[in-house]
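The values are calculated or read from the model by the stated rules, or taken from the named source; none is laboratory data. Keep in mind the model is a prediction, meaning the values are calculated, not measured. All Cβ positions, glycine included, derive from the backbone under ideal geometry; neighbour counts span all protein chains shown.
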Amino acid sequence: MHMKNFLVFIICCGMLGSIANATPLGRLEYADLTSINGQPAICLPGHAKAPFAVGWVILAESFARNTGIWGVSLKEGATPVVLNPGECFSYGDVPAAYELVRLGRNEHPVVLETNKTYSFLLQSASQSKDVYNVVFCIGEGRSGQFEFYKRSPSSSREQAALPCKASGSNSASE
């Protein structure tokens, strides 16, 4: 799949939210969210049925036009990172087997900001193209640090525009 087509697919998946179902391109599943060293991290759920070989990782602002992206992709011929249930991949990490996704002329790096909603995706390195997705927003904690809150994958554009605050136990911050 061409890089541009892949990025459009991934960003669209994030904008639509995370839906646990099978598609011709693979299976979309909910992921968990945590904070590692003050950065958001996407995690395989503890109940995931199998380890997950990571081919691509993309983080982009949801519900935004001309959104920035951050992504890494597995280098050709490299061995992928394999996440076991409960393990995570952190925003900003670029393991040796991966390279930053090259941005196109009209694209720019993502800038994390409070009160914005983001989609974080893991795509399989296998031919199945299975995807794990988590939608989250960023709030500001008491110490001025970012706090991350999982949003409902069915959030509307209007709900995503609301201030980012904890509701129940959806806080993923350290």
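Does Ala41 satisfy the criteria of being buried (at least 20 other Cβ atoms within 10 Å of the Cβ), among the aliphatic types (A, V, I, L, M) and not in a loop (DSSP other than H, G, I, E, B)? Answer is yes for this residue. Within segment 76-127, how many residues are modelled with pLDDT of 95 or more, closer than 15 Å to Gln39 by Cα and in contact with an Asp or Glu (Cβ under 9 Å, 6 or more places away or on another chain)? Matching residues across segment 76-127 total 1. Please determine, by comparing only the residues of segment 36-48 that are of a type in the set (Gly, Ala, Ser) and closer than 12 Å to Gly92 by Cα, which one is modelled with the lowest pLDDT. Only one residue tops the list, namely Gly38. Out of the residues in segment 115-155 that are surrounded by 17 or more Cβ atoms within 10 Å (Cβ to Cβ) and in contact with a Pro (Cβ under 6 Å, 6 or more places away or on another chain), which is nearest to Ala78 (Cα to Cα)? Within segment 115-155, the match that is nearest to Ala78 (Cα to Cα) is Ala125. Tally time: how many residues in segment 78-102 are of a type in the set (A, V, I, L, M) and either assigned to a strand (DSSP E or B) or within 27 Å of His47 (Cα to Cα) (or both)? The qualifying residues number 6. When segment 73-129 is filtered for residues that are among the charged types (D, E, K, R) and within 16 Å of the chain's Cα centre (by Cα), the ones remaining, listed by number, are Glu87, Asp93, Glu113, Lys116, Lys129.
For first residues located in segment 124-135 and within 15 Å of Pro80 (Cα to Cα), partners that are crowded, with 19+ Cβ neighbours inside 10 Å and among the β-branched types (Val, Ile, Thr) and lie 6+ apart or on another chain with Cβ distances below 7 Å form the pairs Ala125/Val54.
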